[in-house]
Amino acid sequence: MLVAFALLGCKGVQPTSAASGGSAAASGGAGDGAATSSSSGATRVENVVDTTMDNKVAFYVTIPAKWKFQGILLQGGEDACESLFNGVYRVTSEDGQSFGEYMPQMLWAYGDGPRPRTGCLPVNKPMRAQDFLKYLSTTMQFANISDAPMPGALAEAVKRWQDAYAHQAAQFSAGQNLPPPHNTADGAAAMVRYKQNGVSMEGRLAVMITCTETPHPAFHAGMVNKPATISGKCTASASYVTAPENQFAAVLRQWDDPAMGPRQNKEWGDAWMKRYAEQAAASAQGFDRIVQQQNKTFLDNSDRNFQAQQDSFRQAAAERHQMNNEFMDAMQQRTNGSIQRTGDAMQARSTSTSDWVDYALDRQTVFDTNTGKTGKISNQVTPGGSLQKVHGDGTPIQ
């Protein structure tokens with residue numbers, strides 16, 4: 001199955017496909033750190049590499065020539081709410097006051113059917129993009145937030161996702177004789193204002209949310225009786241650009257330039273998808289071996305309780321059929337076939353990696369003992385009073 005995903009850059013949303021590689025080939029020609037020109041001035045290209053593939057370039061990111069770049073590729077996995085890969089980066093101006101960033105994907109699951117249990121946000125329902133922006137702005141401790149027009153690239157990405165992925169999912173479900181999932185995509189933007197070291201700052205948050213609800217029909221066979229259920233999962237991809245109030249309009253124009261932002265390396269995308277498919281196939285073969293061993297064990301039993309064994313076989317067969325249906329549902333949701341990552345990738349999903357991402361994005365995670373909530377603040381601020389510094393994933397520092 002073709003796995004689709006959306007990548008937001010500082011200028012908004014840029015959809016691409018792990019199978020197609022987006023427009024990476026066009027950007028790849030610039031090379032490492034190559035200086036080019038655009039309507040907003042001199043630029044250069046920075047690379048985000050995949051450490052699990054011999055540091056092959058995963059994304060090329062076009063940025064202003066003199067700005068500082070920090071980026072990393074997160075592989076996702078079961079302990080990240082069963083996400084796929086996503087690139088995270090921050091680009092900072094020479095004076096350190098302006099920056100643009102693409103944040104790590106945020107995922108959550110809901111429903112009464114099979115769903116991931118680890119690495120998910122504490123959200124138990126679908127959420128509109130505008131509502132999620134309010135949730136995100138509270139986490140980032142912005143006091144002043146107002147609605148903003150949706151960037152054109154974001155609106156285009158939402159429509160493209162709905163048209164392409166919804167159709168693919170429907171085709172896949174029809175081929176498996178399964179009810180089709182319900183896919184939705186939504187985008188929104190908001191303006192924020194705040195003070196930083198006495199300077200009036202302005203920023204724009206943009207987010208694209210994609211949700212998939214998969215129905216699991218009721219199942220009745222022998223002693224097995226399972227009611228109909230629904231599994232839902234949402235992914236939020238957010239970007240943020242900010243600058244001093246008197247410079248913000250110019251910075252925003254620069255980052256809204258179509259030449260800026262990330263492009264996927266097609267060669268890497270093809271290799272990643274090939275590895276993903278091979279590991280998914282290996283998981284399926286392992287499942288088949290388990291079923292075959294169960295059948296062999298049954299056939300090797302004596303005939304003393306033949307009728308009881310027949311009843312047991314029918315029940316086991318019904319359960320295996322349901323297990324297979326759930327396995328295919330999980331494949332449809334892009335959540336099965338977890339990647340056997342290297343030690344570096346495992347490190348990228350550990351507590352120390354969450355601290356690294358905070359460091360790379362020049363921020364820190366704090367816990368408010370008064371409200372019992374965690375949030376992100378600048379590394380330039382020393383926590384005090386009710387704020388206690390914790391790891392990037394919210395766990396206490398020992």
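The values are calculated or read from the model by the stated rules, or taken from the named source; none is laboratory data. None of these values were measured; they are calculated from a predicted model. Positions of Cβ are backbone-derived with ideal geometry, glycine not excepted, and every protein chain shown enters the neighbour counts.
Residues in the range 145-160 that are outside any helix (DSSP H, G or I), farther than 24 Å from residue 195 by Cα and of a type in the set (A, V, I, L, M, F, W, C): 150 only. If you go through the range 374-398 and pick out every residue that is basic (Lys, Arg) and either in contact with a Phe, Trp or Tyr (Cβ under 6 Å, 6 or more places away or on another chain) or at pLDDT 85 or above (or both), you end up with 1. One residue alone among 71, 96, 100 is assigned by TED's automatic domain parsing to the domain that holds residue 210, among the small types (Gly, Ala, Ser) and in a loop (DSSP other than H, G, I, E, B), and that residue is 96. Filtered by the rule that a residue be β-branched (Val, Ile, Thr) and either modelled with pLDDT of 90 or more or in contact with a Phe, Trp or Tyr (Cβ under 9 Å, 6 or more places away or on another chain) (or both), the range 206-227 gives 207, 209, 210, 212.
Scanning the range 39-56 for residues that are at pLDDT 90 or above and either in contact with a helix residue (DSSP H, G or I) (Cβ under 9 Å, 6 or more places away or on another chain) or not charged (D, E, K, R) (or both) returns 43, 45, 47, 48, 49, 50, 51, 52, 53, 55, 56.
To keep it simple, each residue is scored yes or no on (1) exposed (fewer than 14 other Cβ atoms within 10 Å of the Cβ); (2) aromatic (Phe, Trp, Tyr); (3) in a strand (DSSP E or B); (4) at positive phi.
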residue: 124; (1), (2), (3), (4): yes, no, no, no
residue: 165; (1), (2), (3), (4): no, yes, no, no
residue: 178; (1), (2), (3), (4): no, no, no, no
residue: 192; (1), (2), (3), (4): no, no, yes, no
residue: 206; (1), (2), (3), (4): no, no, yes, no
residue: 215; (1), (2), (3), (4): no, no, yes, no
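So is residue 164 over 20 Å from the mean Cα position of the chain (by Cα) and modelled with pLDDT under 90 or not? No; evaluated as a whole, the condition is false for this residue. When residue 250 is tested against (1) surrounded by fewer than 20 Cβ atoms within 10 Å (Cβ to Cβ); (2) modelled with pLDDT under 90; (3) in a helix (DSSP H, G or I), exactly one condition is not met: (2).
Restricting attention to the range 265-281, does a residue exist that is touching a residue at least 40 places away in the same chain (Cβ under 8 Å) and outside any helix (DSSP H, G or I)? Checking the range 265-281: at least one residue is touching a residue at least 40 places away in the same chain (Cβ under 8 Å) and outside any helix (DSSP H, G or I).
Scanning the range 254-261 for any residue that is surrounded by 21 or more Cβ atoms within 10 Å (Cβ to Cβ), polar (S, T, N, Q), assigned by TED's automatic domain parsing to the domain that holds residue 97 and in contact with a strand residue (DSSP E or B) (Cβ under 8 Å, 6 or more places away or on another chain) turns up at least one such residue.
Could you tell me which of the residues 117, 160, 128 is surrounded by fewer than 19 Cβ atoms within 10 Å (Cβ to Cβ), among the basic types (Lys, Arg) and without any contact (Cβ under 8 Å) to a residue 24 or more places away in the chain? Exactly one residue qualifies, and that residue is 117. Figure legend. Inter-residue proximity from the range 195-217: first residues assigned by TED's automatic domain parsing to the domain that holds residue 136 and within 17 Å of residue 247 (Cα to Cα), second residues surrounded by fewer than 24 Cβ atoms within 10 Å (Cβ to Cβ) and of a type in the set (Asp, Glu), beta-carbon distance below 9 Å, spacing 6+ or different chains. Indicated pairs: 199/245; 200/245; 201/245; 202/245. Screening the candidates 7, 73 for the property of being at pLDDT below 50 and within 21 Å of residue 354 (Cβ to Cβ) yields one hit, 7.
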